[in-house]
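Notes for the one structure printed next.
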Amino acid sequence: MFLEKAMFIIGELINGMYKNIGKAIKEKDKAVIQRCALDQIKAGADALDINCGPVSKDPLSDIQWLVETVQEVTDKPLALDSSKPKVIEAGLKVIKNKVIINSTTADQEKLEILVPLAKKYNAKLIGLSISAKGIPQNKDQRLELAANIVAYCVEAGFPLEDLYLDPVLLPVNVAQAQQKDILESIREFKIISDPSPKTIVGLSNVSQGTKTRSLINRTFLTMAIAYGLDSAILDPLDKDLMDSAITAELILNKQIYCDSYLEAYRRK
Ligand code: THG
């Protein structure tokens with residue numbers, strides 16, 4: 001049976017925003033970081049996001065320490081997550097595993113640095129459909145910014161199959177009227193060019209500040225998968241969330257049904 005490619009899952013938990021990780025970075029406690037890496041992989045993560053968090057005093061050296069610490073226990077791809085190109089560049093200097101640059105915006109000054117770096121390191125690149133002017137308020141603005149990123153990559157000879165466009169999820173409790181437009185952007189990003197770019201979301205953004213986080217995350221993810229989502233940054237330790245994702249893919253013929261398909265996925 002021919003199966004379409006399954007979703008690419010990036011574990012979000014190595015992020016200094018989480019108290020335990022922030023503390024481990026400060027104290028250079030390798031065991032906490034390595035356990036967090038291995039737990040996420042065991043739960044089905046294909047790659048790991050690496051983010052030193054908002055309070056890091058020395059992000060250039062912190063990201064290098066995180067990358068080296070994680071590479072001691074896994075050869076899965078790492079997503080270097082920072083809004084500062086200098087921090088990403090520092091992480092790239094010590095990378096051995098496959099790498100994803102997370103992320104560029106549609107701003108010229110970021111594209112100029114990050115697209116050549118992605119080429120140099122053979123990295124996949126996440127492009128956020130935002131700019132210094134702010135977060136778009138509708139689908140047309142998201143598409144315009146995404147198309148700018150695609151055009152830059154074409155011009156620079158960066159392969160579009162390695163570009164992941166991110167509409168940037170907003171919390172449903174503050175931006176409820178935007179959610180449908182965000183879902184539709186996922187479908188429309190795919191038809192900006194041929195070959196298609198890929199699509200990705202940072203899922204947990206959608207439920208920030210709400211009281212039913214897990215339910216909102218898995219419902220949004222299921223719907224986004226129906227709109228053609230290729231990849232997500234999420235908490236793979238949320239078993240209900242992973243089960244929903246695997247089942248949505250089963251319905252789309254991206255997983256083979258057997259009575260134990262959930263267990264079979266985790267043994268992949
Ligand atoms: N797109 C891309 N990358 C991203 C994001 C995105 N990287 C960062 C973020 N968004 C995705 N990762 C997270 C990680 C944690 C949370 C949300 C998104 C989160 N944290 C808890 C909170 O803020 O409530 C922290 C709780 C705690 O301290 O335990 O929700 O959109 N490309």
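No value in this document is a laboratory result; all are computed from the given coordinates. Here the structure is a predicted model, which is why all the values come from computation and not from measurement. Here the Cβ is made from the backbone with ideal geometry for all residues, glycine too, and neighbour counts use every protein chain on show.
For the range 11-71, the list of trypsin sites (Lys or Arg not before Pro) that fall in a loop by DSSP and count at most 15 other C-beta atoms within 10 angstrom reads K28, K57. When only Cα pairs below 8 angstrom with a gap of at least 6 residues are kept, the range 125-268 shows a relative contact order of 19 percent.
Here the sum of -39500 (n - 2.57) over DSSP H runs of 4 or more residues, divided by the residues of the chain, equals -14000 deg cm²/dmol at 222 nm, to the nearest 500. Of the GluC sites (Glu not before Pro) found in the range 33-99, those in coil by DSSP whose Cβ has at most 15 other Cβ atoms within 10 Å are E72.
Packing, as the average of other Cβ atoms within 10 Å across residues, places the peptides 175-185, 199-209 in the order 199-209, 175-185, highest first. Label the range 13-97 by shape, choosing from rounded, prolate and oblate, from the square roots a ≥ b ≥ c of the eigenvalues of the Cα gyration tensor; if a/c is under 1.5 it is rounded, and otherwise prolate applies when a/b is larger than b/c, oblate when it is not. Oblate, because a/c is 1.5 or more while a/b does not exceed b/c. Placing unit charges on the Cβ atoms of the charged side chains and taking the dipole of the range 1-158 about its Cα centre, the candidate lying farthest along the positive direction among Y152, Q71, P54 is Q71. Checking the Cα-Cα distances for K98/K198; K23/K120; K76/K239; K110/K133; K30/K76 against a 24 Å cut-off, the pairs over it are K23/K120.
Computing Rg and the Kirkwood Rh from the Cα coordinates of the chain gives a ratio, Rg/Rh, of 0.94. Taking other C-beta atoms within 10 Å as the exposure proxy, R267, R142, R218 rank R267, R218, R142 from fewest upward. The phi torsions of the range 190-202, fed into the Karplus equation with coefficients 6.51, -1.76 and 1.60 and a -60° offset, translate into couplings of 5, 9, 5, 8, 10, x, 5, x, 9, 10, 8, 9, x Hz, rounded to whole numbers, with Gly and Pro shown as x. Going from the residue with the fewest nearby Cβ atoms within 10 Å to the one with the most, L252, L169, L48 rank L252, L169, L48.
In terms of Cα to Cα distance under 17 Å, which aspartates and glutamates are near enough to K96, apart from those fewer than 8 places away along the same chain? Those aspartates and glutamates meeting the cut-off are D46, D49, D62, E68, E72, D75, D81. Placing +1 on the Cβ of every Lys and Arg and -1 on the Cβ of every Asp and Glu, with no other charges, gives the chain a dipole of roughly 540 debye about its Cα centre. Can you tell me, using C-alpha contacts under 8 Å and at least 6 residues apart, the relative contact order of the chain as a whole percent? Relative contact order, the chain: 18 percent.
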